[in-house]
């Protein structure tokens, strides 16, 4: 007995490959979108280039261990505490309000400004200011 295939079998046979191709395409395009999106969820590269422009920052030069609050019971000034912490392995940072930026540049320049309010001209790269110049904020 030779049965003819039903219309349901024919539609199922045709639709299955179409659905498989659609699913593969969706996975491929989603993967590509994730792969080419910014790594940190930040702005696209064109917008990031504008944040790398030179800017002026003002704040306190301190170290990443103490931050803006130094232990005043130590008998050391803010400058001495900052310099001691940097000698012990901390890095110089600029505290501007509630923001803290790492400083990249000449440590001898930062050492002379330790514990002081300063004006820094530089470019921001992530959370690091690439310092072009630093001077006391008056």
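Suppose we keep just the DSSP beta bridges with both residues in segment 83-136; what percent of those would be antiparallel, to 5?
Bridges in segment 83-136 are about 80 percent antiparallel.
Where a ≥ b ≥ c are the square roots of the eigenvalues of the C-alpha gyration tensor, would you call segment 47-136 rounded, which needs a/c under 1.5, or, failing that, prolate if a/b is larger than b/c, or oblate?
It is prolate, given that a/c is not under 1.5 and a/b is the larger ratio.
Any read-out appearing in this document is the output of simple, stated calculations on the displayed coordinates, not a laboratory observation. All values reported here derive from a predicted model rather than from experimental measurement.
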